[in-house]
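Accompanying notes for the structure given below.
The values are calculated or read from the model by the stated rules, or taken from the named source; none is laboratory data. This is a predicted model, so every value here is computed, not measured. Using ideal geometry, Cβ is built from the backbone for each residue, glycine included, and neighbour counts are taken over all protein chains shown. What goes into the accessible areas is simple: the full protein's heavy atoms, side chains included, and nothing from ligands, DNA or RNA. Shrake-Rupley method; radii C 1.70, N 1.55, O 1.52, S 1.80 Å.
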Amino acid sequence: MKPLIALTPSLEKSSGNTYMNPGYLRGVTMAGGLPLILPLSCEGEDLDRLLSLCGGVLFTGGPDVDPAVYGEARLNESVELCPERDALEFSLLEKAMRAGLPVLGICRGCQLINTALGGTLYQDLPTQRPGPIQHRQPEPFTCPQHENRILPGTPLAAALSQASIAVNSCHHQAIRTLADGLLPSAVAGDGLIEGFCHESYPYLWGVQWHPERLLGDPASLLLFRSFVRAAEERAPRA
C-alpha cells in the first residue's frame, strides 16, 4: 500500500489562500507515496486524526521561522514571518515525533526542525555570515548552484551512495548551531551545515536545498524514495 504523506502548505498573505509548490507533490508521488496537503488551521484532535492516517510528514519550504523561538529578536526586514505556519508546524512536529513517524524537512522545514529541538539560525546570511557561495540564487531554481559534501557514515551517504551532491540554493537563513541530538550529514563549501539527521530517532532528516525542484537528478529522487520507504514501514494498514 502506498503510504499517505502529510505535507505542510504555504500561505499567500495578500489573499489568505494556501498553496503548494507542485514539486513536493511530484517528489512524493514519484517516490511511491500519496501526498496529503494539511489544512493550515488544523489543530488538536483534528490534527491527531489526520496524522493517524499518515506514514510520514514532510515539512516544506517557505518563510522564516520566528526568531523568538530561539531567543532572538527579528534582525531586519528580510526576515519574513508566518505565525500561522509556525503554529501548525511546531505542533505537528511534536505530534509526529511522539507517534514515531518519519519526518523530512526541506529548507524552512529543515530550519523549523532545528529550532523546535533547540538549535539556532543565522537570520540573514548576507549580513551575518557573508561568504563565497551565493545561497540565494536567481531563478531558475532547477539549476544547481553549488556542491555539498555528504558526510561519510551518515544515513544520507548510505541512501545516496555518493560523496557529494549538486544542489540549488534558495535561502537567506541557515543553521547556526545544531540542536542536541542532530548530526550534520551535508556541508556546503563555505562550512554551512546543509543537511542533518537525528542520532537516535529512526528517521528525522533535514536538507537546506530544494530536491523537489531537481527531480531530474537521480540523487534528489533517491532522497524522496528514502523518506517514502521509511513511511511505508510506519503507515497504517487497512
Quick check on my filter: what residues within the stretch 45-76 are assigned to a helix (DSSP H, G or I) and either at pLDDT below 95 or out of contact with any helix residue (DSSP H, G or I) (no Cβ under 9 Å at 6 or more places or on another chain) (or both)? 45, 46, 49, 50, 52, 68
Starting from residues that are within 21 Å of residue 176 (Cβ to Cβ) and hydroxyl-bearing (Ser, Thr, Tyr), keep the ones in the stretch 52-104 and report whichever is farthest from the chain's Cα centre (by Cα). 78
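Among 22, 35, which is the only one that is modelled with pLDDT of 95 or more, open to solvent by less than 50 Å² (accessible area, probe 1.4 Å) and under 29 Å from residue 156 (Cα atoms)?
Working: 22 fails: open to solvent by less than 50 Å² (accessible area, probe 1.4 Å).
From the options 22, 35, the qualifying one is 35.
Residues are listed down the side, and each one gets a yes or a no for (1) part of a strand (DSSP E or B); (2) out of contact with any helix residue (DSSP H, G or I) (no Cβ under 9 Å at 6 or more places or on another chain):
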| position | (1), (2) |
| --- | --- |
| 156 | no, no |
| 159 | no, no |
| 162 | no, no |
| 166 | yes, no |
| 175 | yes, no |
| 179 | no, no |
| 185 | yes, no |
| 191 | no, yes |
| 196 | yes, no |
Collect the residues in the stretch 198-234 that are of a type in the set (Asp, Glu), open to solvent by less than 70 Å² (accessible area, probe 1.4 Å) and part of a loop (DSSP other than H, G, I, E, B), keeping them in residue-number order. 217
Pair list, Cβ < 8 Å and 6+ apart or interchain, from the stretch 76-97 residues that are closer than 13 Å to residue 9 by Cβ to residues that are of a type in the set (Ser, Thr, Tyr) and open to solvent by 60 Å² or more (accessible area, probe 1.4 Å): 84/41; 88/41
